[in-house]
Amino acid sequence: MKSFQWIPCTFCLLLYTADAGSGTKPNFVFMMVDDLGIGDLGCYGNTTLRTPNIDRLALEGVKLTQHIAAAPLCTPSRAAFLTGRYPVRSGMAAHGHMGVFLFSASSGGLPQEEITFAKAVKVQGYSTAVIGKWHLGLNCEDSSDHCHHPNSHGFDYFYGTIMTHLRDCQPGHGSVLYNVYSHIPFKPLSIGLVSLVVLHIRGMLTVSRRVFFSFLILVGLVLSLFRLLVYTFPNLNCFVMRGTEIVEQPYISENLTQRMTSEAIEFLERNSETPFLLFFSFIQVHTGVFASPLFRGRSQHGLYGDAVMEVDWSVGQIMQTLERLNLKDNTLVYMTSDQGPHLEEISVHGEMHGGYSGIYKAGKSTNWEGGIRIPGILSWPGVLPAGKIIDEPTSNMDIFPTVLNLAGASIPDDRVIDGHDLLPLLQGQVKRSEHEFLFHYCNAELNAVRWRPPNSSAIWKAFFFTPDFYPKNSSACFHTHVCFCIKPFVTFHDPPLLYDLSKDPTESTPLSPDTEPQFHSVLEVIRAAVSRHTQSLKPVPVQVSPLKIVWKPWLQPCCSSLSQLCRCERDHQIEKVQDGLQKE
Ligand SMILES: *[C@@H]1O[C@H](CO)[C@@H](O)[C@H](O)[C@H]1NC(C)=O
């Protein structure tokens, strides 16, 4: 059996070395879907949602079943993916409520000192592009310094959105801001107001007209400011850029994936002669769920399912292009999601707009497995085995060192890199992952630790705190729309809650000293690992602090004069895509 497995791998190694010797560097195509659940894909067990193109990719390559996002939220997870480092190391993890950027005019972002894989391979002669969602900041001091723009992080070409997609970017889909709105105590306010009037009329209380009207005006002012914010939000935050130019503000979302797909195909065609790195970062299937007319109504799972099918179609288009350009054998393709599905997301029409985490518990913004276990598919015909499944713990931070090694760039030695080169594991040269410990952060709070001891099949996971679900018997935080990482939204555990994922992958029954003889010794090892890890952290400026994520009017990117409310439409892709759709 052993020798059988070794023959193809020795062969592929030979092939690969020959390739490297002849001086051709491999290309990279990375596809990251936004908020896609591991349970949404056929190749990860979904039997009712059809994803044939992604399934084929898994059949042709390696499927990772314990692939872990470095954070359960977009901004920190993406920062970790690009840099190979835990988000706390770059300051991309918040100490408090909000861990993501909500305004394009905030000043935080991925710091200049960080090295992304794009920056590292660019100096090795690669053409680099990010197409789609960025969500790692834009400006620092004025509205066009672009200090955090993809161009400042090693990507030559950018076509996409600086921010995340939100329901505000979809006319008629409501506003994320209504979650804030729902916390305004309208009932007590109106009861108070009516009581005042009644008491006044009955002569039991004399309120001067001045006080009464000032109060009314104040309430009116707050409400109108809020309305104004909701009204202008799409213009200010939902825009498409080509390079550093805004080409559409606000954008029409329905055909975004179609446009990004043709941008990606054009990038591949333009660069088929040079080594390239393409990061295709899907706008779908995040909240504000949309699907183009071609896909609407196609799935059994509503608009969300249609959106997943459109993403799958797009993956197929990219793969067909690689095949047509004869690039498949020299390209490492990676397909993933940034974290688990957003289980709390329900549309204004009451439709479920969040994905499915399969057997795993909970979803996005928690460190239960459903929040961090993501699809991880890597394909490279001739170099990686086809149809292989690997259960070892791996991380989305592993892509960074893997890419640098393959591109012939040296791994930076002036900083901690938390990822490990995946190639030996993928090719079967080693059987075990180099990740003995993985640290699961909820923003900047260390939430849980995973320990994979050498010489054992156990996978221990200890939680220092867990989110409080609402309603209690659900596995979602419906009262806050996403789960938070701090009191009073979490429960702390001392001793930590301990699970063995190898026996209890659904995290259903925490262990105790009675049910697990190693209980105390396991926690002791984990505590020691935490203390070593904590010592390796250096203090850095926090990029997602309240002061950095607030809306700063002087940083607002705007493609027209303010009187036109930042509206414009210069995107030539729109017409091209419309032509294309008509032809189909
Ligand atoms: C497939 O995915 C959809 C969409 O997330 C989900 O509702 C459904 O339960 C999944 N079905 C199976 C059989 O896993």
message: Please pick out the residue among T65, T48 that is more than 30 Å from G297 (Cβ to Cβ) and surrounded by fewer than 21 Cβ atoms within 10 Å (Cβ to Cβ).
response: T65
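Among the residues of segment 23-54, which ones are of a type in the set (K, R) and within 16 Å of the ligand (Cβ to nearest atom)?
If the condition is that a residue be of a type in the set (K, R) and within 16 Å of the ligand (Cβ to nearest atom), then R50 is the only one that fits.
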query: Counting only residues that are of a type outside the set (K, R) and surrounded by fewer than 19 Cβ atoms within 10 Å (Cβ to Cβ), which one in segment 266-288 is farthest from the ligand (Cβ to nearest atom)?
result: E273
query: From the residues in segment 289-310 that are away from the ligand (no atom under 12 Å from the Cβ) and aliphatic (A, V, I, L, M), which one is surrounded by the fewest Cβ atoms within 10 Å (Cβ to Cβ)?
result: L294
- prompt: Checking T336 against (1) touching a strand residue (DSSP E or B) at 6+ places or on another chain (Cβ under 6 Å); (2) within 13 Å of the ligand (Cβ to nearest atom), which single condition isn't satisfied?
  reply: (2)
message: Pull out all pairs, ordered by first then second residue, where Cβ-Cβ is under 7 Å, the residues are six or more apart or on different chains, the first lies in segment 501-525 and is at negative phi, and the second is outside any loop (DSSP other than H, G, I, E, B) and among the basic types (K, R).
response: L501/K461
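Just to check your reading of the model, which residue among D418, D398 is in a helix (DSSP H, G or I), among the charged types (D, E, K, R), surrounded by 19 or more Cβ atoms within 10 Å (Cβ to Cβ) and in contact (Cβ under 8 Å) with a residue 40 or more places away in the chain?
It is D398.
Each row is one residue, and each column tells you yes or no for (1) in a loop (DSSP other than H, G, I, E, B); (2) polar (S, T, N, Q); (3) more than 15 Å from the ligand (Cβ to nearest atom).
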| residue | (1), (2), (3) |
| --- | --- |
| H342 | yes, no, no |
| V348 | yes, no, yes |
| G354 | yes, no, no |
| Y360 | yes, no, no |
| T366 | yes, yes, yes |
| P375 | no, no, no |
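State whether one or more residues within segment 313-331 are within 14 Å of the ligand (Cβ to nearest atom), in a loop (DSSP other than H, G, I, E, B) and touching a residue at least 40 places away in the same chain (Cβ under 8 Å).
no
Every number in this text was worked out from the coordinates using simple rules, so none of it is lab data. Bear in mind the structure is a predicted one, so any value in this text is a computation, not a measurement. For neighbour counting, all protein chains shown are included, and Cβ atoms are generated from backbone atoms with ideal geometry for every residue, glycine included.
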